[in-house]
Amino acid sequence: MGKDSQAGQQAKILTFHPTGEYYFTKGLKAYHRRDLYKAKKFFERALELEPAEPMIACQLAITCTEIGEYNYSNLLLENILNVLDPYMTECHYFLANNYAHLGMFKEAYRHANAYLDKEEDGEFHDDAEDLLDLITFEAEETEESLEQQDGLIHKQEIAREYLEEGSFQKAIDVLQETIGQHPEFWSAYNNLALAYFYLGETENAFSTLDDVLAKSPGNLHALCNLVVFHHYQQNRDKVQELVNALDKVRPILMEHRFKLGATFALTGKYALAYKWLKQLQKNGYEGDGTFYYWLALSAFHLGHEATAQKAWKKMLQLNPDKKGLEPWREINPAENDFEQDLPSILKRLDSEFIEERMFAIFLTKHSSQKDSVINHPSFQKNSLFTPLEENYAQAVLDVSNEEILPAIDFADRVAELLYHHYRPIQLTEAGLYLTWFSIFIEAERTYEKLNNPTAWAAALEYVWHRLRNEKKSQQEIAKKHIISVSSLSKYVKMVNALLQ
């Protein structure tokens, strides 16, 4: 064989494995050319390859700031200070700058001061002082008053508590107020969409998400909520379309990876869910009980029984009261049933909305915690109760009570007819009952004559499905409740009139 042949045999094929540094360098070149969106893409890839490198995360945050993605930038900067490198003090200045752009002057003031405290002669010292002057001028407030400003995070926690207990209208009120004060606080929009959806106001829910995605394209939480909404609406084609799009997403933040994994698990895309959730576990992610629930569920469905068992064991360490509720058991997850949720019932009894309190009284009737509820001051001596509610509560205390008001008897009979078809009551079903008690209160206020509870229950169910964009014909609903289509049509008009 010739020399050329020998040389060919000795030649080696070198495989090119791009590193985080490689993409970081490309990102810097794009950044200096002011091709910011391409720079962002390269920095994200670099951070994906080297997630523990704070310099990459910081440069990505700076780039996001320049293209107006302040919230994303803030998440990156907070992650640097809390996890990657607490001594990268310039992140405080960048955070201050971002919060000032968002109009959140209290947070901007706090971070600007934090930077100056840590860096007396820092690179951004003069800029930070100028920013403090600007913040004070823009806010027209002193440091003391800034500390008292809006309580944004506190409001979010209150709204989340309302959502968890099923007090959707109260959550909506808090979130709308929050959005009015902070029109670019996307988390509030996403939670508002959830509140609308659970209350059965699907049109408002979808339009709220559309609003988020129009103002913050690619917002991961909004996209995930959109998948969930379409899943519950049984829009399978739309779910698959969105899942295909989300499958191409590679989130950097652990919070986003968990959101993606949980969304895939909830919609039955267990392989995709397991990929993200297992990866998070390998990277040392210490989630709450919800994280381990979804990991156990997706692992079980893929046949990874050892992982499922370990995840459930961790779940029980965090939530011992969930013992016996393994996702692989063919039972209904009773922890989500409002009838059995004592804290939820008690909070509803203290609600400022009468429909919430009447719903709580109805839940008490069917609760295994009934004795605990009726012995609680919120049930026995509730100053919020109207005479109607007092009568309803008394009827629950004494089922043989013959002094029950005709109106309360009627309201309860309609609710019982609904309960025959919709139980146990979980988040979705709660909207149906709240709608009924709202309509009942409006009927009482306008002296609407109430008769034929079966027709009212049927009409309410039909309207509720329509509000949720669920296709149900009047013939189908009439047959289900054993009434005529003409009767159903008549009462549907009455329900719609009271809803306006």
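The values are calculated or read from the model by the stated rules, or taken from the named source; none is laboratory data. These numbers come from a predicted model, not from an experiment. Here the Cβ is made from the backbone with ideal geometry for all residues, glycine too, and neighbour counts use every protein chain on show. Note: areas computed on protein heavy atoms with side chains; ligands, DNA, RNA excluded. Shrake-Rupley method; radii C 1.70, N 1.55, O 1.52, S 1.80 Å.
The figures follow:
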{"read-out": "Residue satisfying all of: in region 338-356; touching a Gly at 6+ places or on another chain (Cβ under 9 Å) and in a helix (DSSP H, G or I); nearest to Ile439 (Cα to Cα) among these", "value": "Glu356"}
{"read-out": "Enumeration of residues in region 37-75 that are at negative phi and not in a helix (DSSP H, G or I)", "value": "Glu50, Pro51, Ala52, Glu53, Ile67, Glu69"}
{"read-out": "Yes/no for Arg445 being basic (Lys, Arg), closer than 23 Å to Lys370 by Cβ and not assigned by the TED database to the domain that holds Tyr196", "value": "no"}
{"read-out": "Selection from region 94-131 of residues that are open to solvent by 20 Å² or more (accessible area, probe 1.4 Å) and not in a helix (DSSP H, G or I)", "value": "Gly103, Met104, Glu119, Glu120, Asp121, Glu123, Phe124"}
{"read-out": "Answer residue from region 426-447, given it is part of a helix (DSSP H, G or I) and hydroxyl-bearing (Ser, Thr, Tyr) and is surrounded by the fewest Cβ atoms within 10 Å (Cβ to Cβ) among those", "value": "Thr428"}
{"read-out": "So Asn225, is it modelled with pLDDT of 90 or more and crowded, with 21+ Cβ neighbours inside 10 Å", "value": "yes"}
{"read-out": "Test: residue in region 405-412 that is outside any helix (DSSP H, G or I) and at pLDDT 85 or above", "value": "yes"}
{"read-out": "Residue within region 418-425 that is part of a loop (DSSP other than H, G, I, E, B) and open to solvent by less than 20 Å² (accessible area, probe 1.4 Å) present", "value": "yes"}
{"read-out": "Some residue of region 484-492 being assigned to a helix (DSSP H, G or I), at pLDDT 85 or above and within 27 Å of Ser367 (Cα to Cα)", "value": "no"}
{"read-out": "Residue match in region 163-173 (condition: at pLDDT below 80, open to solvent by 80 Å² or more (accessible area, probe 1.4 Å) and in a helix (DSSP H, G or I))", "value": "yes"}
{"read-out": "Output for region 374-392, where each listed residue is over 16 Å from Ala407 (Cα atoms), open to solvent by less than 30 Å² (accessible area, probe 1.4 Å) and not aliphatic (A, V, I, L, M)", "value": "Ser378, Phe379, Asn382"}
{"read-out": "Cross-chain or 6+ apart pairs with Cβ under 9 Å, region 307-318 first and assigned by the TED database to the domain that holds Gln279, then open to solvent by 60 Å² or more (accessible area, probe 1.4 Å) and among the basic types (Lys, Arg)", "value": "Leu316/Lys323"}
{"read-out": "Residues (at pLDDT 90 or above and hydroxyl-bearing (Ser, Thr, Tyr)) located in region 423-436", "value": "Tyr433"}
{"read-out": "Check on Leu450, outside any helix (DSSP H, G or I) and open to solvent by 20 Å² or more (accessible area, probe 1.4 Å)", "value": "yes"}
{"read-out": "Looking only at region 195-218, and only at residues there that are under 29 Å from Lys106 (Cα atoms) and not in a loop (DSSP other than H, G, I, E, B), the one that is most open to solvent (accessible area, probe 1.4 Å)", "value": "Lys215"}
{"read-out": "Region 94-110 residues that are in contact (Cβ under 8 Å) with a residue 60 or more places away in the chain, paired with ones that are polar (S, T, N, Q) and in a helix (DSSP H, G or I) (beta carbon under 8 Å, 6 or more apart)", "value": "Leu102/Asn71"}
{"read-out": "Odd one out for Leu318, checked against (1) surrounded by fewer than 19 Cβ atoms within 10 Å (Cβ to Cβ); (2) modelled with pLDDT of 85 or more", "value": "(2)"}
{"read-out": "Residue within region 364-373 that is over 33 Å from the mean Cα position of the chain (by Cα), hydroxyl-bearing (Ser, Thr, Tyr), modelled with pLDDT under 90 and exposed (fewer than 15 other Cβ atoms within 10 Å of the Cβ) present", "value": "no"}
{"read-out": "Meets criteria (modelled with pLDDT under 85 and within 30 Å of Thr202 (Cα to Cα)) for Arg257", "value": "yes"}
{"read-out": "Qualifying residue in region 181-194 (condition: at pLDDT 90 or above, open to solvent by less than 60 Å² (accessible area, probe 1.4 Å) and small (Gly, Ala, Ser))", "value": "yes"}
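Listed here are the residues, each with its yes/no results for (1) over 21 Å from Ser167 (Cα atoms); (2) of a type in the set (S, T, N, Q).
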{"site": "Tyr422", "(1), (2)": "no, no"}
{"site": "Ile425", "(1), (2)": "no, no"}
{"site": "Glu444", "(1), (2)": "yes, no"}
{"site": "Tyr447", "(1), (2)": "yes, no"}
{"site": "Lys479", "(1), (2)": "yes, no"}
{"site": "Ser484", "(1), (2)": "yes, yes"}
{"site": "Ser487", "(1), (2)": "yes, yes"}
